[in-house]
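So the structure is just underneath, and the comments pick up after that.
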Amino acid sequence: MSRIGKKPVELPSGVSATVSGQTIEVKGPKGTRSFKATDDVTIKVEDNAVTVTPRGTSKRARQQWGMSRTMVANLVHGVTEGFKRELEIQGVGYRAAVQGTVLKLNLGYSHDVDFQAPEGVTVTAPKQTEIVVEGIDEQLVGQVAANIRGWRAPEPYKGKGIRYKDEYIFRKEGKKK
């Protein structure tokens, strides 16, 4: 039994959801998002809440039950509050700046790295050593943050590179004589 799937997803004020077939569309103050569920689950909107129920007792139906409920909850969270990933840059001379929708990174390469933010995601740099990625699609926000981090992942000896704000880097001891 899915403990997550049993809980209905509450719709806050200002958020509306419509179901057509297996597709649910959620509209809120930050925008509109939709999700197409598999045929293993049934999605219903009733009493200002969205409920997801499995269409059988097969293992796949039970897997899709919890996953579909979480996807609907992420849609509701995205259109109300949005998602945010914060990155830190550590290293001498490493810095970031935003010009329009382009993130310019100085990461110790012979050239600057220009990262074009995709549509639906805003990238800001409040300080030269901080990057904030925001949007209403959790998967896209996480992927953009991972792509930025991939330009210079933190190394274990000095800790230089781009890391998530809450990330712990396991440090290694250097070479001995």
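The values are calculated or read from the model by the stated rules, or taken from the named source; none is laboratory data. What you see is a predicted model; the values in this text were computed from it and never measured. As a convention, Cβ positions derive from the backbone with ideal geometry for all residues, glycine included, and neighbour counts pool all protein chains shown.
If you check F115 against the conditions, is it free of Cβ contacts under 8 Å to residues at least 40 places away in the same chain, surrounded by 16 or more Cβ atoms within 10 Å (Cβ to Cβ) and either assigned by TED's automatic domain parsing to the domain that holds F35 or more than 28 Å from T23 (Cα to Cα) (or both)?
yes
Only one of Q139, Q99 is surrounded by 11 or more Cβ atoms within 10 Å (Cβ to Cβ) and among the polar types (S, T, N, Q). Can you tell me which?
Only one candidate qualifies: Q139.
Filter region 1-28 down to the residues that are farther than 16 Å from N74 by Cβ, free of Cβ contacts under 8 Å to residues at least 60 places away in the same chain and either of a type in the set (G, A, S) or in a loop (DSSP other than H, G, I, E, B) (or both) and list them by number.
Correct list: S13, S16, S20, G21, Q22.
Could you look through region 63-91, keep only residues that are under 18 Å from K165 (Cα atoms) and touching a residue at least 60 places away in the same chain (Cβ under 8 Å), and pick out the one that is nearest to the chain's Cα centre (by Cα)?
My answer is R85.
Report, by residue number, each residue of region 43-58 that is out of contact with any helix residue (DSSP H, G or I) (no Cβ under 9 Å at 6 or more places or on another chain) and closer than 21 Å to V15 by Cα.
Residues satisfying the conditions are K44, V45, E46, D47, N48, A49.
Among the numbered conditions (1) under 19 Å from L140 (Cα atoms); (2) buried (at least 17 other Cβ atoms within 10 Å of the Cβ), tell me where G66 comes up short.
It fails just one condition, (1).
Given the structure, is I43 at negative phi and under 21 Å from the mean Cα position of the chain (by Cα)?
no
Give me the strands (runs of 3 or more DSSP E) completely within region 86-142, filtered to those with at least 3 residues that are hydrophobic (A, V, I, L, M, F, W, C), ordered by residue number.
95-99, 102-106, 130-135
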